[in-house]
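Presented below is the structure to which this report refers.
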Amino acid sequence: GAVVSQHPSWVICKSGTSVKIECRSLDFQATTMFWYRQFPKQSLMLMATSNEGSKATYEQGVEKDKFLINHASLTLSTLTVTSAHPEDSSFYICSAKRGGSTSDGYTFGSGTRLTVV
Amino acid sequence: DQQVKQNSPSLSVQEGRISILNCDYTNSMFDYFLWYKKYPAEGPTFLISISSIKDKNEDGRFTVFLNKSAKHLSLHIVPSQPGDSAVYFCAAPSNQGGKLIFGQGTELSVKP
């Protein structure tokens with residue numbers, strides 16, 4: 001089955017530093033990848049949609065200069081949290097969509113717990 | 001505008017009984033709906049889906065029912081098992097780029 005690998009699974013960083021999270025589709029080419037953020041006891045909030053070779057589309061209220069998304073290949077998308085602050089601490093999840101969408105065409109990574117101290 | 005809603009944040013069921021998780025939506029243009037299961041600190045895993053042209057889809061212990069006139073779908077788990085304890089999300093792909101729109105989730109607890 002389709003597998004999406006997300007790394008790291010957890011990271012602790014100091015305020016003001018940047019953190020990069022990787023999302024790789026291991027056995028399929030992902031035309032589109034999505035980045036979500038989840039706060040405790042809340043739903044998954046879509047941050048942005050990235051398409052290979054083009055700029056990401058950010059949801060309203062998401063700072064594109066703070067959350068840099070790069071989708072350089074059909075198997076890799078990265079999310080960089082720049083100048084991280086404690087309020088950026090959250091659980092970040094990526095999802096990859098296979099081309100020719102089917103009802104089960106979305107595969108999620110295992111998530112990254114970011115803690116900014 | 002919350003297009004997909006799960007109004008019950010939690011549900012507790014006895015092992016062996018039926019669990020019914022509910023989901024409402026407002027956009028009649030959704031082509032299909034998906035249910036995901038999620039454990040803490042993990043990504044969601046796909047459980048079952050239903051096309052908008054169907055009213056029922058069954059897979060083992062899991063059945064999803066769709067009532068288009070009421071814009072309502074439900075996930076039935078029977079018999080419920082302690083390992084089913086997790087947060088369940090319903091979701092639908094938007095017509096804009098196919099992004100998934102999630103409900104708020106329902107935390108299911110199955111007691112032995």
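The values are calculated or read from the model by the stated rules, or taken from the named source; none is laboratory data. Since the structure is predicted, the reported quantities are computational estimates derived from the model, not experimental observations. In this analysis, Cβ positions are derived from the backbone assuming ideal geometry, glycine residues included, and neighbour counts consider all displayed protein chains.
Observations, loosely collected:
- Residue satisfying all of: in the range B:74-100; within 13 Å of chain A (Cβ to nearest Cβ) and within 12 Å of the chain's Cα centre (by Cα); surrounded by the most Cβ atoms within 10 Å (Cβ to Cβ) among these: B:C90
- Among the residues of the range A:4-55, those identified as of a type in the set (G, A, S) and either within 13 Å of chain B (Cβ to nearest Cβ) or in a strand (DSSP E or B) (or both) are A:S5, A:S9, A:S25, A:A30, A:S43, A:A48, A:S50, A:S54.
- If the condition is being modelled with pLDDT under 95, assigned to a loop (DSSP other than H, G, I, E, B) and in contact with a Cys (Cβ under 9 Å, 6 or more places away or on another chain), then the range A:79-117 contributes no residue at all.
- Number of the condition not met by A:G1 [criteria: (1) within 14 Å of chain B (Cβ to nearest Cβ); (2) over 24 Å from B:N95 (Cα atoms); (3) part of a strand (DSSP E or B); (4) among the small types (G, A, S)]: (3)
- Scanning the range B:59-73 for residues that are more than 14 Å from chain A (Cβ to nearest Cβ) and within 11 Å of the chain's Cα centre (by Cα) yields B:T63, B:F65, B:H72.
- Residue within the range B:16-26 that is within 13 Å of chain A (Cβ to nearest Cβ) and acidic (D, E) present: no
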